[in-house]
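For reference, the structure is listed below as structure tokens.
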Amino acid sequence: MWKKWFGRSDQRSESSYGDLDPARVPRHVAIIMDGNGRWAQKRGLPRTFGHRAGAEALRAIVRTAAELGIGVLTTYAFSTENWKRPAEEVDLLMNLFSDYLDNEIEELNSNGIRVRFSGKTEELAAGLKAKIDRAEGVTAANERLVLNIAVNYGGRAEITHAVRLIAAAVAAGSLKAEDVSEEVISRHLYTAGLPDLDLLIRPAGDLRISNFLLWQAAYAEFWFTDINWPDFRPEHLIAAVADFQRRDRRFGGLTK
């Protein structure tokens, strides 16, 4: 299925990306894949239909991100707070993750996509955790795009986990307290080795980041839209990147 999106005959030409500057494409883009339930409810369908439609939307966005030259695409798939949802919906989401790993990893791998997972994956069912480990292992050498999927993820939980690891290292004598730096903290996050976030995209109209990439988003640009995630298309990602390129990123300094 993926080959028809990644195959040379079906790739977009550079001109289809309008005035985008390939030298200024964000290295790391994150998307809060929100609005699946609302998409379904507007159509008189169960919320589960929205989640399936959202999984379909992701395919085209991964393809476009790779074509644009984005280095990392992080998707917020399931938060630590999502366990509060009805058991039926949680089970459906876990089954969707499992199906995704069964059906898509080989094609992602053959097209140079590295798959990573961020979050407390050790708390997931053993069968799903085994599939996650296999997907990460099979695609570990790929360099075209990192697809970083946040599952059982929470920004505060991530920072708490990092602090505990650092505290343990200090207690063991392998790290001095005065040597704890921003770089040391970054190395202990789930996203260790990935660049900080450049662009955060949130569909579905909410204007908040919902405990997502709190450390990594320190200087990220935000892009909001009322479009629900299942209706999010490559042209919306392109529009977000174009808007990103028009912004003046000063990182606390002054414009040159």
Scoring the chain by relative contact order with C-alpha pairs under 8 Å, at least six apart, yields a percentage of 27
Cβ-Cβ cut-off under 10 Å around Leu197, Lys and Arg +1, Asp and Glu -1: the net charge is -2
Non-local residues with an amide H under 5 Å from the amide H of Asn228, with H modelled 1.01 Å from N and Pro and chain starts lacking one, are Ala204
Calculated from backbone phi, Karplus (6.51, -1.76, 1.60) coupling profile of the range 49-55 in Hz, x at Gly/Pro | 5, x, 5, 5, 5, x, 5
Let me have the 222 nm mean residue ellipticity of the chain computed from DSSP H runs of 4+ only, each contributing -39500 (n - 2.57), with the sum over all residues rounded to the nearest 500.
-> -13500 deg cm²/dmol
Distance between modelled label sites at Ala126 and Glu183, nm, 7 Å Cα→Cβ extension | 4.2
Give a quick list of GluC sites (Glu not before Pro) in the range 132-229 that DSSP marks as loop, anything other than H, G, I, E or B, with at most 13 other Cβ atoms within 10 Å.
-> Glu143
Gain upon complete extension [Asp91, Arg156; 0.36 nm per residue less C-alpha separation] = 21.0 nm
For the pair Leu207 and Asn82, how long in nm is the line joining their label points, each one 7 Å along Cα→Cβ?
-> 2.6
From the phi of every residue in the range 187-200, what ³J(HN,Hα) in whole Hz does the Karplus formula 6.51 cos²θ - 1.76 cosθ + 1.60 yield, where θ is phi - 60° and glycine or proline is x?
-> 5, 9, 7, 4, 8, 3, x, 9, x, 4, 6, 9, 9, 10
Just add up the charged neighbours of Lys42: K/R +1, D/E -1, any other residue whose Cβ is under 13 Å from the Cβ of Lys42.
-> +1
Would you mind putting 118-128, 185-195, 68-78 in packing order, based on average other-beta-carbon counts within 10 Å, highest first?
-> 68-78, 185-195, 118-128
Peptides ranked, highest mean first, by Cβ atoms within 10 Å: ranges 164-170, 46-52 | 46-52, 164-170
Taking amide H positions as placed 1.01 Å from N in the peptide plane, with prolines and chain starts having none, which residues 5 or more places from Gly69, or on another chain, fall under 5 Å of its amide H?
-> none
Assign unit charges at the C-beta atoms only (+1 for Lys and Arg, -1 for Asp and Glu), then state the dipole size of the range 103-204 relative to its Cα centre in Debye, rounded to the nearest 20.
-> 260
For Arg249, the net charge from surrounding residues (Cβ-Cβ under 9 Å; K, R +1; D, E -1) works out to -1
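Only Lys, Arg, Asp and Glu count, each charged at its Cβ (+1, +1, -1, -1), so figure out the dipole size of the range 15-137 about its Cα centre, rounded to 20 debye. Could the numbers behind the result be given before it?
Details: 17 positive and 18 negative charges, 65 e Å.
Computed charge dipole of the range 15-137: roughly 320 debye.
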The range 112-165: relative contact order from alpha carbon pairs under 8 Å, six or more residues apart, as a whole percent, is 54
Determine which aspartates and glutamates satisfy two conditions relative to Lys131: a Cα distance under 17 Å, and not lying fewer than 8 residues away in the same chain.
-> Asp91, Asp99, Asp102, Glu104, Glu106, Glu107, Glu122, Glu123
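Treating only the Cβ atoms of Lys and Arg (+1) and Asp and Glu (-1) as charged, compute the dipole magnitude of the chain about its Cα centre; round to the nearest 20 debye. The partial results should precede the final answer.
On the way: 34 positive and 35 negative charges, 47 e Å.
Dipole about the Cα centre, nearest 20: 220 debye.
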Expected vector for the range 134-143, Karplus 3J(HN,Hα) from phi with 6.51, -1.76, 1.60 and θ = phi - 60°, integer Hz, x for Gly and Pro, equals 5, 4, 5, x, 4, 9, 4, 8, 6, 10
GNM on the chain, C-alpha springs below 10 Å: top fluctuator among Asn148, Asn95, Asn36?
-> Asn95
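Over the range 121-256, what is the mean sequence separation of C-alpha contacts under 8 Å (at least six apart), divided by residue count, expressed as relative contact order in percent? Mind dumping the intermediate values first?
Numbers: 88 pairs, mean separation 26.1, N = 136.
Relative contact order for the range 121-256 comes out at 19 percent.
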With point charges of +1 on the Cβ of Lys and Arg and -1 on the Cβ of Asp and Glu, referenced to the Cα centre of the range 176-256, which listed residue (Thr191, Ala220, Ile209) lies farthest in the positive direction of the dipole?
-> Ala220
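No value in this document is a laboratory result; all are computed from the given coordinates. These numbers were taken from a predicted model, which means no experiment stands behind them. All Cβ positions, glycine included, derive from the backbone under ideal geometry; neighbour counts span all protein chains shown.
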